[in-house]
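As structure tokens, the structure follows; a few thoughts come after it.
The values are calculated or read from the model by the stated rules, or taken from the named source; none is laboratory data. No experiment lies behind these values; they were computed from the predicted model shown. Every residue, glycine as well, gets a Cβ built from its backbone with ideal geometry; the counts of neighbours run over all protein chains shown. SASA here: full protein model, heavy atoms, side chains in, ligands and nucleic acids out. Shrake-Rupley method; radii C 1.70, N 1.55, O 1.52, S 1.80 Å.
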Amino acid sequence: MNYRTTFRASLDWPEAFWTAAAEEIDWYRAPTRVLDSSNPPHYRWFPDGELNTCYNALDRHIEAGRGDCDALIYDSPVTATKTTYSYVRLRHDVARFAGVLTGLGVTRGDRVVIYMPTVPEAAIAMLACARIGAVHSVVFGGFAANELAIRIDDATPKVVVAASCGIEGKRIIEYKPLLDRAVEQAHHKPDFCVILQRPQAVAEMGERDVDWSDAIAAATPAACVPVASTDPLYILYTSGTTGKPKGVVRDNGGHAVALCWTMNNVYDVAPRDVMFSASDVGWVAGHSYIVYAPLLVGATTVLYEGKPVGTPDPGQLWRVVAEHGVRTMFTAPSALRVIRKEDPAGAFLADHDISRMRYLFLGGERLDPATLRWAQDLLGIPVVDHWWQTETGWPVAANLMGLEPMPIKPGSPTVPVPGWDIGVLDADGRAVAPGVDGALVVKLPLPPGSLTTLWNDDDRFVSSYLSRYTGYYLTGDGGHIDKDGYVFVMGRIDDVINVAGHRLSTGAMEEALAGHPAVAECAVIGVADPIKGQIPRGFVVLKDDVDADETDLSAELVQRVRTQIGAVAALRDIAIVPGLPKTRSGKILRQTMRAIADGADSPAPSTIDDVSVLDAIRPILRRG
Ligand code: COA
Ligand code: AMP
């Protein structure tokens with residue numbers, strides 16, 4: 001079937017479409033119902049099915065005689081390590097770690113927070129949770145203790161699994177002190193913390209700490225526990241518009257079915273093919289396309305602990321492709337932009353034979369046409385932009401390499417993926433004409449594998465995504481669909497920004513700044529950056545009685561955001577300003593500020609309260 005027929009089938013007969021897709025999964029109890037739509041806007045896929053995601057990712061391939069095939073290749077230039085796990089070896093380690101968790105009292109439905117860098121043990125811990133029906137929540141290592149504490153309080157885990165350190169380029173980041181601070185700060189206390197000791201920084205152990213290696217050596221392997229298709233597999237926190245992150249909940253059944261479908265149809269990856277997603281396990285890309293999807297289809301996944309540049313050179317991603325025979329690679333455009341900056345002519349590529357690579361997929365942020373062209377010229381293979389989100393779990397718009405490759409239009413992630421009924425609405429909820437920008441929405445029900453709710457907060461799930469336009473999911477992105485059906489994603493229409501493919505909340509940064517005793521009010525905006533796509537800039541108005549050295553205060557505020565949110569926030573530029581431009585109703589004119597900072601000659605909007613405030617900060621905004 002071609003793209004158009006498949007797409008229509010997915011929307012016109014979703015139950016038949018997803019029933020066929022569900023045949024790729026081994027069920028303990030095959031679902032007799034496909035979609036429960038009895039409680040809109042909440043929908044549940046395969047409501048009476050029972051399965052185990054870990055069984056589908058590991059055991060079934062071994063039972064099918066493919067146990068010796070490579071499951072996971074760990075390639076870590078920062079520790080000079082390369083290790084290959086066959087399916088048998090990976091299952092062995094996962095089953096033992098599942099036994100460790102069981103021994104610590106973790107049972108089906110309990111939460112386990114994982115705070116680890118991209119090392120095999122992170123994937124092992126995730127799969128071990130899936131094996132026993134526990135719900136994992138991986139927290140990205142670049143987040144500070146305060147953010148970890150917020151997630152611990154929300155997910156209330158029985159156990160936290162952490163590594164003693166992560167390695168960021170040439171620097172060692174000790175995770176254990178951050179974990180200790182987070183546990184101290186959180187109201188909820190986990191019973192145990194399992195610590196993977198890494199030789200680069202061995203952590204001091206405390207009362208509730210358990211050593212990973214000791215525990216795994218003493219553990220009895222645990223078997224797979226059948227869970228309901230609708231049971232949560234994981235919670236993944238992502239930035240919303242406030243300081244409180246959203247705990248995106250993914251179920252077991254829909255997730256497994258949808259990810260398997262994408263491997264064939266979007267990424268053109270079959271059993272034994274090698275997929276390399278150069279991301280971090282802490283992001284959705286890592287969950288879906290480092291850990292779960294490649295293993296669910298019996299492919300080989302490459303887990304890379306390093307950076308695109310500096311570990312030690314800009315040829316590392318190409319080296320990994322060449323050495324491990326990668327067929328499909330996936331990374332963020334920022335990674336390519338830093339490589340291009342250091343190696344514009346691709347001299348480092350010449351050292352590596354990447355002839356087995358068929359596709360480079362890019363996602364997580366907008367792919368600018370210049371980067372697309374550079375990559376196309378350099379690699380001579382399809383460079384595929386695709387658009388998705390933590391919430392959706394898998395691509396919403398893509399060029400489907402396994403189904404029917406389409407001509408590429410620079411600036412567009414191509415067409416809606418089957419299952420996603422994308423629309424563009426104006427402020428009044430009316431569909432706009434082709435080519436006209438509006439809010440990108442998806443008609444309900446969302447396909448399997450997309451978020452089912454926000455952890456502990458059905459109301460916020462509805463108010464954040466489903467109440468703006470009745471019957472539609474609000475993506476938070478703006479854009480248009482052209483007359484050929486190509487989707488163009490132009491950027492967020494809320495206070496979320498995207499820095500080097502990392503999703504961050506300007507609202508959270510504003511909350512951190514506003515908490516400083518000298519700050520009367522503040523605004524953080526995302527401005528264009530040639531490498532990271534966007535970077536945050538902060539503007540702060542001081543209280544009248546504050547008499548501080550502005551350079552010192554700015555540095556203190558930068559540090560405050562780093563301490564409260566984490567290094568990943570990357571807010572390095574804070575200007576002290578006399579006032580912030582506002583509408584007459586008191587709303588800060590962030591969009592106008594952003595346009596000026598990005599170089600536009602934006603006039604003051606008619607709603608402005610006092611135009612002199614905007615004129616006063618115009619030169620500061622432009623200076624960026
Ligand atoms: N643990 C601890 N700290 C981390 C971290 C982690 N897992 N990840 C990032 N950080 C730190 C960085 O060291 C940096 O700290 P610094 O301010 O002390 O230098 C800070 O967070 C900002 O990180 P980042 O925005 O990644 O900037 P960078 O200059 O270190 O690297 C890129 C820039 C483009 C090379 C890198 O961001 C990248 O490879 N991005 C694209 C790929 C990607 O993973 N995208 C995710 C979705 S697909
Ligand atoms: P995250 O939830 O971290 O994956 O971030 C999702 C957001 O990243 C989306 O809402 C978009 O704003 C942005 N994004 C992801 N992929 C693309 C893409 N291909 N083009 C444009 N923006 C993208």
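Working ranking of peptides 168-177, 522-531 by packing, defined as the average number of other Cβ atoms within 10 Å per residue, highest first, is 522-531, 168-177. Remark: relative contact order (segment 499-623) = 22 percent; criterion is Cα-Cα distance under 8 angstrom and separation of 6 or more residues.
Please give me the summed charge of the neighbours of H42: other residues whose Cβ is under 14 Å from its Cβ, Lys and Arg +1, Asp and Glu -1.
Net charge around H42: -3.
The value of relative contact order for segment 320-367, using C-alpha pairs under 8 Å at least six residues apart, is 61 percent.
Working ranking of peptides 341-350, 485-494, 369-378, 547-556 by packing, defined as the average number of other Cβ atoms within 10 Å per residue, highest first, is 485-494, 369-378, 341-350, 547-556.
Excluding ligands, DNA and RNA, the accessible surface per residue across the chain is 37 Å² with a 1.4 Å probe. Accessible area per residue (1.4 Å probe, heavy atoms of protein chains only) ranks R560, R319, R622 as R622, R560, R319, with the largest value leading.
Between the alpha-carbon centres of segment 105-171 and segment 232-269 there is a gap of 16 Å.
So what's the net charge close to A512: Lys and Arg +1, Asp and Glu -1, counting the other residues with Cβ under 10 Å from its Cβ? Value of the local net charge: 0.
Only helices enter the 222 nm calculation for the chain: every DSSP H run of n ≥ 4 contributes -39,500 (n - 2.57), and dividing by all residues gives -8000 deg cm²/dmol, rounded to 500.
Taking the average, over residues, of other Cβ atoms within 10 Å as the packing measure, peptides 290-301, 82-93, 606-617, 243-254 rank 290-301, 243-254, 82-93, 606-617 from highest down.
Ignoring ligands, DNA and RNA, what percent of the accessible area of segment 326-432 is carbon or sulfur (1.4 Å)?
Working: 1950 of 3820 Å².
Carbon plus sulfur share of accessible area: 51 percent.
The aspartates and glutamates whose alpha-carbon is closer than 20 Å to the alpha-carbon of K483, local same-chain residues fewer than 8 away aside, are D385, E404, D421, D426, D437. Taking the 1.4 Å solvent-accessible surface of segment 499-623 as the whole, the part contributed by carbon and sulfur is 49%.
What is the chain's relative contact order, in percent, from Cα pairs under 8 angstrom and six or more apart in sequence?
On the way: 1393 pairs, mean separation 76.3, N = 624.
Computed over the chain, the figure is 12 percent.
Ligands, DNA and RNA left out, the accessible area of segment 186-275 computed with a 1.4 Å probe is 52% carbon and sulfur.
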